[in-house]
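The values are calculated or read from the model by the stated rules, or taken from the named source; none is laboratory data. Keep in mind the model is a prediction, meaning the values are calculated, not measured. Cβ placement follows ideal geometry from the backbone for every residue including glycine, while neighbour counts extend to all protein chains displayed.
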Amino acid sequence: MHDRATPADPLAAHDTVLVLDNLVKRFGSTTAVDGVNLEVLRGGFYGIVGPNGAGKTTTLSMITGLLRPDEGIVKVNGRDVWKDPAAAKRSIGVLPDKLRLFDRLTGRQLLHYAGSLRGLNGRTVRERSEELAEAFGLQDALGRLVSDYSAGMTKKVALAASMIHSPRLLVLDEPFEAVDPVSADTVTDILLKYVAHGGTVLLSSHSMGMIERVCDGVAIIVHGVVLSSGTVDAVRNGSTLEDRFLELAGSHKAVEGMEWLLSSLD
Ligand SMILES: Nc1ncnc2c1ncn2[C@@H]1O[C@H](COP(=O)(O)OP(=O)(O)OP(=O)(O)O)[C@@H](O)[C@H]1O
């Protein structure tokens, strides 16, 4: 996260790609997201971490227009995602949490669908699909049904689909989940190159090591509240990100009970 831009500073405002202003989302009596503020600048590589159920996916879904906030504002490139959704969504690439892909399509058809939906012509889609497939190591899989892909391959084709229209902002929910270390390295390289050319990445992950290696900003969210945010160095504050995370999220409780599990092992 970077310092909040003031309206009096037009250059800073221009460089702010994403603004979350007091976002709130409730599901019945559960407040999943409880007043989240965040700003991400152009060229930022920003990570959101938090324990299971902390509100990461809910936050990302409100950013990408998949889930309407109860309160608060989301702006992407100055456009309100919920008041001007078409304009805001044009500049976003999304990897949602539950990959609801049209998996009766082949990888090639899926990329074609994703590109066409974003207004690309057939030739551009074909060229970009081949390049993406090569970058993600999916060349041999493009002709196969996505339903037959492994979990990691599915994640990679979904990532490729999220990028095909060269969005300004990529919002990626757990992009490294189920992805092998070599592929994760490749994905990281692609994202770093994208950021170096002015793209902006916001991702959630449980991989503290990866966040420390590649992100310049991070927010730790617990029970829907941002407990710490800023540069990775500022948040880890002389410790490792994992230790800082455990400190804020509450390190593991001593396991009591469950003797039934252990007794049969004696
Ligand atoms: N559609 C829904 N209906 C009811 N409750 C929901 C819904 N979506 C999320 N929640 C609740 O909101 C809270 C935040 O969930 P969310 O999926 O955002 O967490 P998360 O940080 O992404 O977790 P994880 O790391 O496990 O993916 C949880 O308590 C969850 O049960």
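Per-structure values
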| item | result |
| --- | --- |
| Selection from segment 125-155 of residues that are closer than 21 Å to Arg100 by Cβ and of a type in the set (Asp, Glu) | Asp148 |
| So Glu259, is it outside the structural domain of Asp34 (by TED's automatic domain parsing), modelled with pLDDT under 95 and of a type in the set (Asp, Glu) | yes |
| Unique residue being outside any strand (DSSP E or B), surrounded by 21 or more Cβ atoms within 10 Å (Cβ to Cβ), at pLDDT 95 or above and not hydrophobic (A, V, I, L, M, F, W, C) when the list is Gly115, Gly143 | Gly115 |
| Residue under evaluation Ala151, criteria (1) modelled with pLDDT of 90 or more; (2) not assigned by TED's automatic domain parsing to the domain that holds Asp15, criterion not met | (1) |
| Residue that is surrounded by the fewest Cβ atoms within 10 Å (Cβ to Cβ), among those in segment 149-187 that are touching a residue at least 40 places away in the same chain (Cβ under 8 Å), within 16 Å of the ligand (Cβ to nearest atom) and among the charged types (D, E, K, R) | Glu174 |
| Members of segment 118-140 found to be among the basic types (Lys, Arg), surrounded by fewer than 19 Cβ atoms within 10 Å (Cβ to Cβ) and either in the same structural domain as Glu177 (by TED's automatic domain parsing) or touching a residue at least 24 places away in the same chain (Cβ under 8 Å) (or both), listed by number | Arg118 |
| Looking only at segment 25-58, and only at residues there that are within 12 Å of the ligand (Cβ to nearest atom) and hydrophobic (A, V, I, L, M, F, W, C), the one that is farthest from the chain's Cα centre (by Cα) | Phe27 |
| Residue satisfying all of: in segment 155-196; of a type in the set (Val, Ile, Thr) and within 23 Å of Ile63 (Cα to Cα); nearest to the chain's Cα centre (by Cα) among these | Val171 |
| Pairs, first assigned by TED's automatic domain parsing to the domain that holds His223 and within 12 Å of Ile221 (Cβ to Cβ) in segment 22-40, second polar (S, T, N, Q) and near the ligand (Cβ under 8 Å from one of its atoms), C-beta under 6 Å, six or more apart | Ala32/Thr58; Val33/Thr58; Val33/Thr59; Val36/Thr59 |
